[in-house]
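The values are calculated or read from the model by the stated rules, or taken from the named source; none is laboratory data. Just so it is clear, the structure is predicted and the values come from calculations on it, not from any experiment. Cβ placement follows ideal geometry from the backbone for every residue including glycine, while neighbour counts extend to all protein chains displayed. Remember, those area values only see protein heavy atoms, side chains included, never the ligands or the DNA or RNA. Shrake-Rupley method; radii C 1.70, N 1.55, O 1.52, S 1.80 Å.
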Amino acid sequence: MKSREAVAKRITDLCTERGITVNALANLAAVPPSTVKNIIYGVSKNPGIATIKMLCDGLDITLIEFFDNEIFLDLEQEIE
């Protein structure tokens, strides 16, 4: 799995765990819904850490909590 896919999956998993939609997350995080959807659907090839931090704030978690997940343990090395 590539890092952008892992980030997208983590976001959707967190939304599911909390019973919120992507649009609800966008509102909580003060991020345009299109930005969140672009990350989830792979349009955004390299979501910035500032955007991920805003999403974490909306989810009321830290960046460490976001990335402290098994999905990030076995990422492919990406050379682009």
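Ordered from largest to smallest accessible area (heavy atoms of protein chains, 1.4 Å probe), the residues VAL7, VAL43 come out as VAL43, VAL7.
Across the stretch 18-25, rounded Karplus estimates of 3J(HN,Hα) from the backbone phi angles (6.51 cos²θ - 1.76 cosθ + 1.60, θ = phi - 60°) give 8, x, 10, 8, 4, 5, 5, 4 Hz, Gly and Pro being marked x.
Rolling a 1.4 Å probe over the protein heavy atoms of the chain, with every protein chain left in place, gives an accessible area that is 53 percent carbon and sulfur.
Any idea what the relative contact order of the stretch 1-40 is, in percent, if you count C-alpha pairs under 8 Å spaced at least 6 apart? Mind showing how you got there, number by number?
Details: 21 pairs, mean separation 19.0, N = 40.
With pairs under 8 Å counted, the relative contact order is 47 percent.
Pair-distance distribution of the chain: all C-alpha pairs, bin width 5 Å, starting at 0; shares per bin in whole percent are 3, 16, 28, 30, 16, 6, 2, 0.
Sites listed here are trypsin sites (Lys or Arg not before Pro) in the chain whose DSSP assignment is loop and whose Cβ has at most 15 other Cβ atoms within 10 Å: LYS2, LYS45. Summed over the residues of the chain and divided among them, the accessible surface reaches 64 Å² per residue at a probe radius of 1.4 Å.
To the nearest 10, the accessible area of SER3 is 50 Å² with a 1.4 Å probe.
Heavy-atom accessible area for GLU65, with the other protein chains in place and a 1.4 Å probe, reaches approximately 90 Å².
When you restrict to C-alpha pairs under 8 Å that are six or more residues apart and normalise by the size of the chain, the relative contact order lands at 41 percent.
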